[in-house]
Amino acid sequence: MKKVCLLILIWGMALGISCSKAMRDTPAGPATASEDTGDRKYSDRWGPPQRIATLADQTITESSGLVASPRNPGLFWTHNDSGAGPILYALDRTGKSAGVWQVAGAAAKDWEDIAAGPGPDRGTSYLYVGDIGDNSLARLQVAVYRVPEPAITPTDAESTAAAPRILEGAVAIELKYPDGSHNAEALMVHPKTGDLYIVTKERRRPAGVYKLPAAYLVQPGVQTLTRVTELKMPSVVEGMVTGGDISPDGKHLILCDYFGAYELTLANGEFDAIWKETPLIVDLGAREIGESICYSLDGRSLFATSENLPTPLIEANAK
């Protein structure tokens, strides 16, 4: 991701900041929600982050998405950024590989995030992979691949990117925006309703929030997303949202950028009211080029990786 670092430096110069300053502006330790410096408010929900592992599989060179596995508790799914093929990696919290799968029939123009959630068959856990990156703003439509999550066995750990297991049953959900092309790196699926959300990655302006209700995920043809709102993040790189997840109870939402994370909490009402809440900064420690974040299955922990090698697995636990 040398090109990403170069872009950050360029944007930083334009904004009067640098990568090192951006890192300094990331909270160095846990803060409280009562701390308020302008529009930068800090969460008191999470304890200090810990680097709990390094990913063992060195073919995970740019971990761009992360999600806890509902069907295989204790495991996670991740994938590489663009140019790496339609490959999913399973791993445990020690960073050890639990297997590698190629998604049959899927393309991988620019995979940017992964989510888990319900789908057309009740009782089946589905993985949703977002082929939603578009740095050049040239794609007329993007795609999200929905595939039934496999049950992982101990022998699956023998598979590799060169000799993966084959994951069948993927469906391409083709999407377009109502207002032109967008680059995006954050994909979320509501764990209760199955509604799909994409948060765009913008340069020096608020990110856009787009939605496709679950009922449209099973419709044929290209589906048009609905613009829900725009989201101003309390970040040194405003609009540069690179990953996200919705908590299992549907009451919290976590987003990240290259350096930090930001949580929104639903006060009351329907889920889409959450976008009106103030994003609170969550400390992830010294994390460069961070593009992935997720909740644990019980919602009591956050996990994150970065695109640097060796790839860290970071955990923060609820207080």
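The values are calculated or read from the model by the stated rules, or taken from the named source; none is laboratory data. Quantities reported herein were computed from a predicted structural model and do not represent experimental measurements. Neighbour counts are summed over all protein chains in view; Cβ atoms, including those assigned to glycine, are modelled from backbone coordinates with ideal geometry. With ligands, DNA and RNA removed, areas are computed over all heavy atoms of the protein, side chains included. Shrake-Rupley method; radii C 1.70, N 1.55, O 1.52, S 1.80 Å.
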The condition from (1) surrounded by fewer than 22 Cβ atoms within 10 Å (Cβ to Cβ); (2) not in a loop (DSSP other than H, G, I, E, B) that ILE293 misses is numbered (1)
If I filter the stretch 35-56 for residues that are under 25 Å from ALA172 (Cβ atoms) and either open to solvent by 10 Å² or more (accessible area, probe 1.4 Å) or among the aromatic types (Phe, Trp, Tyr) (or both), do I get at least one hit?
no
Output the qualifying pairs, or none if there are none: Cβ atoms under 8 angstrom, residues six or more apart or on different chains, first residue in the stretch 264-288 and more than 20 Å from ILE314 (Cβ to Cβ), second residue of a type in the set (S, T, N, Q) and outside any loop (DSSP other than H, G, I, E, B).
ILE274/THR265; TRP275/THR229; LYS276/THR229; GLU277/THR265
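To keep it simple, each residue is scored yes or no on (1) over 16 Å from the mean Cα position of the chain (by Cα); (2) outside any loop (DSSP other than H, G, I, E, B); (3) over 17 Å from THR160 (Cβ atoms).
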position: PRO48; (1), (2), (3): yes, no, yes
position: VAL67; (1), (2), (3): no, yes, yes
position: ASN72; (1), (2), (3): yes, no, yes
position: ASP81; (1), (2), (3): no, no, yes
position: LEU88; (1), (2), (3): no, yes, no
position: GLY95; (1), (2), (3): yes, no, no
Go through GLY250, GLY243 for me and flag whichever is open to solvent by less than 20 Å² (accessible area, probe 1.4 Å), at pLDDT 95 or above and over 19 Å from GLU112 (Cα atoms).
GLY250
Which strands (runs of 3 or more DSSP E) does the stretch 97-167 wholly contain that include 2 or more residues that are open to solvent by less than 30 Å² (accessible area, probe 1.4 Å)?
97-103, 111-117, 126-131, 142-148
Considering only the stretch 86-109, state which residues are under 16 Å from THR61 (Cα atoms) and polar (S, T, N, Q).
SER97
